[in-house]
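Working notes, structure below.
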């Protein structure tokens, strides 16, 4: 982990979907992506076993005397206490 300041660290995350959605659903082409804050989609790395891998970095900040964690970065969405990453499966047509 690369330290940004005394209370903030950069963490590398690797998300693996062991059974990625099919390339076609209901006879329609699909895509499976990670969404950033600008609503842009980023495809993952597809593996021969059908899994999909997404690599990203987030900044983690420890806040207050209890050390509550707050996450920041281009892929972290939501307000404090409700933060999430968005994975999308959607039709491409």
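No value in this document is a laboratory result; all are computed from the given coordinates. It should be emphasised that the depicted structure is a prediction, and the values quoted were computed from it without experimental measurement. Note: ideal-geometry Cβ built from the backbone for every residue, glycine included; neighbour counts use all protein chains shown.
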With Kirkwood's inverse mean 1/r over C-alpha pairs for Rh, give me the Rg to Rh ratio of the stretch 2-91, two decimals please. 1.07
Residues listed by number, the stretch 78-93, amide nitrogen under 11 Å from residue 26 label point at 7 Å toward C-beta: 91
Footprinting proxy, 28, 9: sorted fewest to most Cβ within 10 Å, the residues are 28, 9
Contour minus Cα-Cα distance for residue 84 and residue 41 (0.36 nm per residue): 14.0 nm
